[in-house]
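Accompanying notes for the structure given below.
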Amino acid sequence: MAEKKLSKADSFYKVYDRNPSAIKDVTHYCPGCGHGVLTKLIAEAIDDFGIRERTILMSPVGCSVFGYYYFRTGNIQCAHGRAPAAATGIKRAYPESIVISYQGDGDLAAIGGNEIVQAANRGENITVFFVNNAIYGMTGGQLAPTTLIGQKTTTTPFGRNAENEGFPIRVAEMIATLEAPVYVERVMLGDAKNTNKARRAVRKGIQNQIDNKGFSLIEVLSVCPSGWKMTPVQSKQWMNDFMLKQFPLGVYRDRSEETAVRENRRHVFSVDGIREKLELPQQGEEAVKVEKPAAEFQNPRLKLAGFGGQGILMMGLMIAEAGMRAGYHVSWIPSYGPEMRGGTANCHVNLSERRIGSPVVSKPTVLVVMNQPSLDKFEREVAPGGLIIYDTALVPNPPTRTDVRLLALPATTIADELGNTRIANMVVLGAYIAYSRILPKEVVFSALPALIKRKNLLPLNEQAVEKGMAFVHSMRS
Ligand SMILES: Cc1ncc(C[n+]2csc(CCOP(=O)(O)OP(=O)(O)O)c2C)c(N)n1
Ligand code: SF4
């Protein structure tokens, strides 16, 4: 008889050197826990499919957080519940990779409930293993969305009560209501027969991804003796007696056969297409030639703030749009107050000769404030040597900083003289470009039509920009 040698999967580290603690030869899972079994089934499947080199495991927050210690594959540690979103990015950027999202019920069904629904609904070509142990194991046994009615947890010491905590969510059934998923099955770990079924489901979910068929989710019922405060044997019994009734095993969707094996589809991002759409110079074509401003105004990081309705966000967009036309890397992100109008609004804008790492402006080199609360809130953030532009009509208490430049601008008064208070944002824009010389007027004017839909308002906007510029020039003369 041929000798069969059983050994650990190659995709599983033999010794867990990545674990910084002294324990290098056993996993951190509690005795009897299902996580260990499932990770073994996955690692064996990865071996047998010969995909170790291109597999990327998305580890969640939860007891399986340390997938990185064990899987000899690519690993990404995801923020709580966000594995499906991170998996989407990886898979789309590297369609040839095999992306496995491994998540617990707290991770997938609570904090990540929306992420999984959206990824499944988009039909991302990923494989999701969803470990349902009806509790938060890692944090000591709190209620999970899958906790059974009556089940005692540390946060439901009298048992889950539907009136207070709602009903257990059946994830497999819910995902199977969506159009896109290819394969959804619920299996359990407990006895040899069911573990074998789980093994088949694991392989099918991965095979679907290898064949580019689309989204697969395998829900795996698994015991958590520590969280349930039971022995492993009692846990098995409890799963058979109670969990199975709430979470029936079975295939909830299987379109694996009828879905054709597909070619890898790389989502191609065409920069040129975007340039054309935005009417920007094509690659290789010269952007408008703009002279560099003085060193202190180069690569500005701007924060613009005021009330909602003052056109603060639009002013930021104008600067970004004009910046693009002048060949800068740009970013713009808005931050809204809770109200649509009348609330606070601010936006962050970067114009840079280099690629922009983060669009967030935490230490602005230019702060524009069009009301007092904005100055009070953001004045201290401005980088030393930076510039604060404030609307004197709306900011009665001027800035107190002595290590920054101040531009006191009666923007709203000038706008009123032009007959339209709401044009004050363009007065500020004009003053800023004149003061810093970051962008020529012509480039700003060329950007206006892209953002101002009512073309009859273009002359007024241009006039306002010019008025702002004239104010700065008059200051200097
Ligand atoms: C943003 C955030 N919120 C809460 C936590 C605390 N936390 C750690 S694990 C966990 C839940 C884990 O439960 P589950 O996903 O069911 O995995 P299990 O531990 O049972 O395998 C929570 C809430 C956290 N780490 N991060
Ligand atoms: S707490 Fe529960 S889920 Fe976590 S390792 Fe222990 S038995 Fe497994």
Nearby lysines by direct alpha-carbon distance to Lys277 (threshold 20 angstrom, same-chain neighbours under 8 apart not counted): Lys453, Lys455
Within the range 281-476: Cβ-based charge dipole about Cα centre, in debye rounded to nearest 20 (Lys, Arg +1; Asp, Glu -1): 220
Heavy-atom accessible surface of the range 34-254: percent carbon and sulfur, 1.4 Å: 56
Accessible area in square angstrom per residue, the chain, 1.4 angstrom probe: 48
Total formal charge among the other residues, if their Cβ is under 12 angstrom from that of Arg52, Lys/Arg +1 and Asp/Glu -1: -3
Most to least accessible of Arg199, Arg122 (protein chains only, probe 1.4 Å): Arg122, Arg199
Cα-based shape type of the range 290-334, given that a ≥ b ≥ c are square roots of the gyration tensor eigenvalues and the cut on a/c is 1.5: prolate
Considering only the range 34-254, percent of DSSP beta bridges that pair antiparallel, nearest 5: 15
Dipole moment magnitude, nearest 20 debye, the range 24-134 about Cα centre, only Lys, Arg, Asp, Glu C-beta charged: 200
DSSP loop GluC sites (Glu not before Pro) with at most 16 other Cβ within 10 Å excluded, longest remaining stretch of the chain: 354-477
12 Å beta-carbon shell around Ile98, net charge (K/R +1, D/E -1): 0
Where labels lie 7 Å past Cα in the beta-carbon direction, separation of His329 and Thr392 in nm: 3.9
Solvent-accessible area of Lys441 with every protein chain in place, 1.4 Å probe, in Å² to the nearest 10: 60
Theoretical gain in end-to-end length, Val15 to Lys441 [0.36 nm per residue, Cα-Cα removed]: 146.9 nm
Whole-Hz couplings from phi, Karplus 6.51/-1.76/1.60, listed for the range 104-121; x for Gly and Pro: x, 6, x, 5, 7, 9, 9, 4, x, x, 6, 4, 5, 4, 5, 5, 5, 5
For Glu466, net neighbour charge (Lys/Arg +1, Asp/Glu -1) across residues whose Cβ lies under 14 Å away: -1
Positive-end residue, the chain charge dipole about Cα centroid, Cβ charges, pick of Ala83, Leu41, Leu418: Leu41
Where the Cα pairs of the range 281-476 fall when distances are cut into 10 Å bins, in %: 9, 39, 39, 11, 1
Net lengthening on full extension, Asp241/Leu6 (0.36 nm per residue, minus Cα-Cα): 81.3 nm
For the chain, size of Cβ-based charge dipole, Lys and Arg +1, Asp and Glu -1, in debye: 740
Counting DSSP beta bridges with both ends in the range 281-476, the antiparallel % (nearest 5): 55
Proximal lysines relative to Lys377, as straight alpha-carbon distance under 21 Å, when same-chain residues fewer than 8 apart are discounted: Lys303, Lys363
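Just the number, please: percent antiparallel of the DSSP beta bridges in the chain, rounded to the nearest 5.
35
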Karplus 3J(HN,Hα) series, Hz, for the range 57-74 with 6.51 cos²θ - 1.76 cosθ + 1.60 (x for Gly, Pro): 8, 9, 8, x, 9, x, 5, 8, 4, 8, x, 4, 5, 9, 7, 8, 9, x
Cα gyration tensor, the chain - rounded (a/c under 1.5), prolate or oblate: prolate
Options Ser474, Val360, Leu57, ranked by Cα towards positive dipole end of the chain, top entry (Cβ charges): Leu57
Under DSSP loop assignment and at most 16 Cβ neighbours within 10 Å, longest chymotrypsin sites (Phe, Trp or Tyr not before Pro)-free interval of the chain: 270-477
Loop trypsin sites (Lys or Arg not before Pro), the range 217-263 (other Cβ atoms within 10 Å of the site Cβ: 16 or fewer; DSSP): Lys229, Arg255, Arg262
Set of aspartates and glutamates with alpha-carbon distance to Lys467 below 20 Å, sequence-local pairs under 8 removed: Asp391, Asp416, Glu417, Glu442
Residue-averaged 222 nm ellipticity for the chain, from DSSP H runs of 4+ at -39500 (n - 2.57), nearest 500: -10000 deg cm²/dmol
Cβ-based charge dipole, the chain, positive-most Cα from Ile438, Val220, Val395: Val220
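The values are calculated or read from the model by the stated rules, or taken from the named source; none is laboratory data. Only a predicted model underlies this, so the values are computations on that prediction, with no experimental measurement involved. All Cβ positions, even for glycine, are placed from backbone atoms using ideal geometry, and neighbour counts span all protein chains on display. These area figures cover heavy atoms from the full protein model, side chains too; ligands, DNA and RNA do not enter into them. Shrake-Rupley method; radii C 1.70, N 1.55, O 1.52, S 1.80 Å.
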